[in-house]
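Asks: First the structure, which I've put down as C-alpha cells, then a few questions once you've had a look.
The values are calculated or read from the model by the stated rules, or taken from the named source; none is laboratory data. Just so it is clear, the structure is predicted and the values come from calculations on it, not from any experiment. With ideal geometry, Cβ positions are generated from the backbone for all residues, glycine too; neighbour counts draw on all protein chains shown. With ligands, DNA and RNA removed, areas are computed over all heavy atoms of the protein, side chains included. Shrake-Rupley method; radii C 1.70, N 1.55, O 1.52, S 1.80 Å.
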Amino acid sequence: MKVLGISFGTKNGTNDTVCKVALKGAQEAGAEVEFIQMSSLNIKHCTGCCACVKTLLSGKGSICVLKDDFEWLLDKMKDADGIVVSDPIFEEGASGLFHTIMDRFGPRTDRGNNIIGTKVAEATNGKIPDPRILKDKVISFMGVGGSDWGTRVQCEHAMLALTPMWKIIDNSWFPWAKELIMDDNRLKEVYQIGVNIAEAAKDIENASYKGEEGLCPHCHNKLFYLEPGTNKAICALCGIVGEVNITDGKSVFSFPEEQLQHAHDTLPGKFIHGDDIKNMEGHFAQVRKTPEFKERKARYDFVKPLQIRELVTK
C-alpha cells in the first residue's frame, strides 16, 4: 500500500511540513510513503491543443505534446493507492501550480474518456491506455492559508479528483496556518488526515468521506451558483441542479434523483459530457472549412502577437 504526499508550497516551507506530518500519520498506519516537492519539477502550462484526448479517443493512447516532468508525476500518482496534497491558498483558492496540474489532467485522465478510449483501442487493435488510470484511488486535500481568505479552495481542490473519479477522504482548509507546526491541536488534525488516507487505501471500495459535511449531499461541496431571484442552485463542483431552501434554520440543497445521472463525477454524466464535446467539435470542424468562417476570422488578423525580442528591445 503506497501513499504519495505532494506539496505545492515553497521548498521546505509550511506546506512541505504539513504534508510530511500527514505522511507520518500514513506511515505509522502501515503505508509506504513518498514525498514530492512540486516547485522542484518542470511543469509547463496546458496549451489546450486537445492532442491528448484526440489520440485517446481514436485508439492511439494518450499523447501530450509537452515535454516536461508531468509524465513522471502522473506515473507516480497512478502508482499510488492514496494521495495527500498540501497546497498554499492563492486568492481564496488553489495555487496556480495546482491549477496547472488540474489543467494537465484535463480530458486525458477522465475516467469516461479512458473507458471509451480502451474500447476503441481494443476494437481497432490500437494502443490501450494505461489501465492504472481506471484504478480506484483515494485522495485528501489540505489548503494552507495565511489568513481566513479561502472560500473557494475546497471546491477547487476537489475538482482534481473529479476527472479520474478518485474518492475524496478529507478536504480540509487551515486558515491562519503559517505557524501550524507550533499548534499541537492542528498537528493532530493533520496527522489524522494521514491516518485516514492510509486506512482508506487499505480498503478503497468501502472507504468513505471523513471531512466536514458540505451543502451538497452528493459531493460535500459548499460553493454554489445561485440563479438570481430564485432558489435554483447549481453545485459548482459536481454540477447537480436543484434548489436551496432554509429548513429548520439550516440551508438544504435538494434535487431530483435523475440529476445524479448528469453529475460531473458519475460515469453517466461523463458520457453525456463526452457526447456533447464530440458533437460540438465535429460541428466546429465543419464550420472551420466554410468560406464565411475564414472570412470572418480574417477580419481580426490586423494585429499580430508581440514577440519576446520586440519586448526586450523596446
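Asks: Please arrange Trp72, Trp173 by accessible surface area, largest first, computed with a 1.4 Å probe and ligands excluded.
Replies: Trp72, Trp173
Asks: Ranking request for peptides 289-301, 186-198, 146-158, 245-257: highest mean number of other beta-carbon atoms within 10 Å first, then the rest in descending order.
Replies: Averaged packing, sorted descending, gives the order 186-198, 146-158, 245-257, 289-301.
Asks: Do the alpha carbons of any pairs in Lys60/Lys232; Lys78/Lys289; Lys127/Lys278 sit beyond 32 Å of each other, and which pairs?
Replies: Where the Cα-Cα span goes over 32 Å, the pairs concerned are Lys60/Lys232; Lys78/Lys289.
Asks: OK, next. Let me know the shape class of the stretch 160-205, please: from the alpha-carbon gyration tensor, a ≥ b ≥ c as square roots of the eigenvalues, rounded when a/c is under 1.5, otherwise prolate if a/b is greater than b/c, or oblate.
Replies: Taking the square roots of the gyration eigenvalues as a ≥ b ≥ c, the stretch 160-205 is oblate.
Asks: Now for a separate question. When only C-alpha pairs under 8 Å and at least 6 residues apart count, what is the relative contact order of the stretch 135-257, in percent?
Replies: 22
Asks: Work out from phi, with θ = phi - 60° and the Karplus expression 6.51 cos²θ - 1.76 cosθ + 1.60, the ³J(HN,Hα) of each residue of the stretch 297-303, listed in order in whole Hz, and give x for Gly and Pro.
Replies: 5, 5, 4, 10, 8, 6, 10
Asks: Assign one of three labels to the stretch 58-124, namely rounded, prolate or oblate, based on the Cα gyration tensor with a ≥ b ≥ c the square roots of its eigenvalues; rounded applies when a/c is under 1.5, prolate when it is not and a/b is larger than b/c, and oblate otherwise.
Replies: The shape class here is prolate.
Asks: Let me ask something else about it. What shape does the stretch 3-79 take by its C-alpha gyration tensor, where a ≥ b ≥ c are the square roots of the eigenvalues and a/c under 1.5 counts as rounded, a/b above b/c as prolate, and the rest as oblate?
Replies: Since a/c reaches 1.5 but b/c is at least a/b, the shape of the stretch 3-79 is classed as oblate.
Asks: The stretch 142-188 to the stretch 199-242: how many Å between their Cα centroids?
Replies: 16
Asks: On to the next question. Taking loop as defined by DSSP and a crowding limit of 15 other beta carbons within 10 Å, which trypsin sites (Lys or Arg not before Pro) in the stretch 41-106 fit?
Replies: Lys44, Lys67
Asks: Let me ask something additional. Grab the Cα-Cα distance for Phe293 and Ala123, subtract it from 0.36 nm times how many residues apart they are, and report the gain in nm with one decimal.
Replies: Fully extending the segment from Phe293 to Ala123 adds 57.6 nm.
Asks: Something else: Over the chain, what is the percentage of antiparallel beta bridges among all DSSP beta bridges, to the nearest 5?
Replies: 30
Asks: Return the subset of Lys20/Lys178; Lys137/Lys167; Lys210/Lys270 for which the Cα-Cα distance in this structure is over 18 Å, preserving the input order.
Replies: Those over the limit are Lys210/Lys270.
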